[in-house]
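Report on the structure given below.
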Amino acid sequence: MFHAAQEDFEGGYLSSVRNLVQAEVFSTELEQANELLAAGYRMPAAVICGVVLETNLRALCEACGLGVGKLNKMNEDLAKAGRYNSLVQKRITTLAAIRNSAAHGKLTDFDDKDVRSMIEDVERLVAGWLS
């Protein structure tokens, strides 16, 4: 049984199972963000969506052998490492700004459309990263 588990690990199968579980968890969290937004709670929706984004950036850094830390630093490091281009990096910076405004109660910095776009963008980014 140990050898079978070792073969699965070395063959990358455990990583793909982990990705499937992670994708399901993030899908559920993004659904929760959608429900909160639909109910008029844009601030918690943006915060939850930001958590999904940051968690995925952290996982990408770990997979690329990069250090983890603050969202903006991880974003910069991943772009420098070629994991994505500068346009994606700028979009992630914008998404992080929405999340930060929400976390600090600055509701005038963003509106429902911004959060809707944020959820859609994070969904697309995560789907690309986990595939």
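The values are calculated or read from the model by the stated rules, or taken from the named source; none is laboratory data. Keep in mind that what you see is a predicted model, and the values were worked out from it rather than measured. Cβ placement follows ideal geometry from the backbone for every residue including glycine, while neighbour counts extend to all protein chains displayed.
Only residues that are assigned to a helix (DSSP H, G or I) and of a type in the set (S, T, Y): list them for region 40-63, please. Reasoning before the result, please.
Looking only at region 40-63, we keep the residues that are assigned to a helix (DSSP H, G or I), and these are 42-63.
Answer for region 40-63, where residues must be assigned to a helix (DSSP H, G or I) and of a type in the set (S, T, Y): just T55.
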Quiz prompt | Test set (1) touching a Pro at 6+ places or on another chain (Cβ under 8 Å); (2) farther than 20 Å from A46 by Cα - L60 fails condition number | solution = (1)
Quiz item: Quick check: is even one residue across region 83-94 under 19 Å from E35 (Cβ atoms), modelled with pLDDT of 95 or more, within 14 Å of the chain's Cα centre (by Cα) and hydrophobic (A, V, I, L, M, F, W, C)?
Solution: no
Quiz item: Restricting the search to region 106-131, which residues are at pLDDT 95 or above and in a loop (DSSP other than H, G, I, E, B)?
Solution: K106, F110, D111
Self-check item: In region 108-131, residue surrounded by the fewest Cβ atoms within 10 Å (Cβ to Cβ) [restricted to those that are charged (D, E, K, R) and under 18 Å from E31 (Cβ atoms)]
Solution: R124
Quiz item: Counting just the residues of region 70-107 that are farther than 14 Å from P44 by Cα and either among the hydroxyl-bearing types (S, T, Y) or touching a residue at least 60 places away in the same chain (Cβ under 8 Å) (or both), which one comes out surrounded by the fewest Cβ atoms within 10 Å (Cβ to Cβ)?
Solution: S86
